[in-house]
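Colleague: What follows is a single structure, and I will ask about it in a moment.
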Amino acid sequence: MIAIGCDHGGFELKQEIMKHLKERGLEFKDYGTYDTASTDYPIYGKKVAKAIVDGECEKGILICGTGIGISITANKIKGIRCALCTDCFMAEATRLHNDANVLALGGRVVGAGLALKIVDTFLDTPFSNDERHIRRISLIEE
Ligand code: RB5
């Protein structure tokens with residue numbers, strides 16, 4: 001199960017991503033926001049992060065205008081490794097190296113075409129399980 005959330009700056013891109021996830025037959029839970037009214041990105045960053053640490057969802061996707069505020073929020077929660085990605089190289093590397101469990105995107109930064117490729121790369125790339133990456137991830141958690 002994938003947790004997805006956004007603020008008003010990410011609302012349109014969230015709609016595109018949910019349509020894409022549906023087409024791929026992937027299950028997701030929408031944690032809001034549910035319209036374009038101005039709202040506060042930490043609300044959604046926290047909801048999605050909580051869904052993951054509570055075990056309701058395995059991965060998350062967060063979108064705000066830049067992806068910055070919502071990723072900062074999610075990364076304050078222990079156990080969350082949220083990566084703001086602007087291309088597929090970053091999405092692949094953060095799965096292989098950081099075992100990132102949340103992808104952050106900027107709805108005002110990347111177009112829908114690129115964003116969907118980033119989402120696919122993030123969801124389809126497994127963690128490398130390399131010893132050096134496992135060690136580095138444990139150092140984050142200390
Ligand atoms: C909202 O205008 C904007 O600040 C927000 O979407 C995000 O970009 C914050 O980091």
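Colleague: Just flag the GluC sites (Glu not before Pro) in region 1-95 sitting in loop per DSSP whose Cβ has no more than 15 other Cβ atoms within 10 Å. Could the numbers behind the result be given before it?
Modeller: Working: sites: E12, E16, E23, E27, E56, E58, E92; in loops: E27, E56, E58.
Counting only loop positions with at most 15 other Cβ atoms within 10 Å, the GluC sites (Glu not before Pro) in region 1-95 are E27, E56, E58.
Colleague: When a/c reaches 1.5 or more, the comparison of a/b and b/c decides; with that in mind, is region 67-138 rounded, prolate or oblate per its Cα gyration tensor? Display every interim value, and only then the final one.
Modeller: Details: a/c = 2.83, a/b = 1.35, b/c = 2.10.
Oblate, since a/c reaches 1.5 and b/c is not below a/b.
Colleague: Can you compute the charge dipole magnitude of the chain about its Cα centre, using +1 on each Lys and Arg Cβ and -1 on each Asp and Glu Cβ, nothing else charged? Give it in debye, rounded to the nearest 20.
Modeller: Details: 18 positive and 20 negative charges, 41 e Å.
Once rounded to the nearest 20, the dipole reads 200 debye.
Colleague: Taking only C-alpha pairs under 8 Å that are 6+ residues apart, what is the relative contact order of the chain in percent? Write out the running numbers ahead of the final one.
Modeller: Working: 284 pairs, mean separation 34.9, N = 142.
For the chain, the relative contact order is 25 percent.
Colleague: Right, next: From the square roots a ≥ b ≥ c of the eigenvalues of the alpha-carbon gyration tensor of region 1-136, which class results: rounded (a/c under 1.5), prolate (a/b over b/c), or oblate? Working shown, then result.
Modeller: Working: a/c = 1.56, a/b = 1.34, b/c = 1.17.
Judged from the Cα gyration tensor, region 1-136 comes out prolate (a/c at least 1.5, a/b above b/c).
Colleague: Now for a different question. How about K47: which aspartates and glutamates have a C-alpha closer than 14 Å to its C-alpha, ignoring those fewer than 8 places off in the same chain?
Modeller: The qualifying aspartates and glutamates are D7, D30, E56, E58.
Colleague: Is region 1-46 rounded, prolate or oblate when judged by the Cα gyration tensor, a ≥ b ≥ c being the square roots of its eigenvalues, rounded requiring a/c under 1.5 and prolate requiring a/b larger than b/c?
Modeller: Since a/c reaches 1.5 but b/c is at least a/b, the shape of region 1-46 is classed as oblate.
Colleague: How would you rank M1, M90, going from fewest to most other Cβ atoms within 10 Å of each one's own Cβ?
Modeller: The order, fewest Cβ neighbours first, is M1, M90.
Colleague: So how do 60-68, 72-80 stack up, highest first, on mean other-Cβ count within 10 Å? Mind showing how you got there, number by number?
Modeller: Details: 60-68: 25.4, 72-80: 17.3.
Descending mean neighbour count gives 60-68, 72-80.
Colleague: Let's test the formula: R0 of 22 Å, r as the Cβ-Cβ distance of I43 and L114. What FRET efficiency results, to the nearest 0.05?
Modeller: Numbers: r = 26 Å, r/R0 = 1.20.
So the FRET efficiency works out to roughly 0.25.
Colleague: What spacing in nm lies between the two simple spin-label points modelled at E12 and T36, each 7 Å away from Cα in the Cβ direction?
Modeller: Once both label points are built, they end up 0.7 nm from each other.
Colleague: What number, in percent, do you get for the relative contact order of region 1-69 if the mean sequence gap of Cα pairs under 8 Å and at least 6 apart is divided by its residue count? Could the numbers behind the result be given before it?
Modeller: Values: 118 pairs, mean separation 34.9, N = 69.
Value for region 1-69: 51 percent.
Colleague: Output ³J(HN,Hα) for region 37-54: one whole-Hz value per residue in order, computed from phi by the Karplus curve 6.51 cos²θ - 1.76 cosθ + 1.60 with θ = phi - 60°, and x for Gly and Pro.
Modeller: Those phi angles translate into 5, 4, 8, 10, 4, x, 4, 7, x, 5, 4, 5, 4, 5, 4, 7, 5, 7 Hz.
Colleague: So if R0 is 30 Å, what FRET efficiency would E141 and I68 give, r being the distance between their Cβ atoms, rounded to the nearest 0.05? Could the numbers behind the result be given before it?
Modeller: Details: r = 23 Å, r/R0 = 0.76.
Calculated value: 0.85.
Colleague: Exceeding 18 Å between C-alpha atoms, which entries from my cross-link table qualify? They are K59/K117; K78/K117; K29/K76.
Modeller: Listed pairs above 18 Å: K78/K117; K29/K76.
Colleague: 5 Å is the cut-off here: which amide hydrogens, built 1.01 Å from N in the peptide plane, fall below it relative to K59, excluding neighbours closer than 5 in sequence?
Modeller: Amide H neighbours of K59: A3.
Colleague: Helix-only estimate, please: 222 nm mean residue ellipticity of the chain, summing -39500 (n - 2.57) across DSSP H runs of length 4 or more and dividing by its residues, to the nearest 500. Display every interim value, and only then the final one.
Modeller: On the way: 6 runs with 69 residues, N = 142.
The helix-only estimate for the chain comes to -15000 deg cm²/dmol at 222 nm.
Every read-out reported here was derived from the displayed coordinates using simple, explicitly stated rules and does not represent laboratory data. In this text, all values refer to a predicted model and were calculated from it rather than measured experimentally. We place every Cβ from the backbone using ideal geometry, glycine too, and count neighbours over all the protein chains shown.
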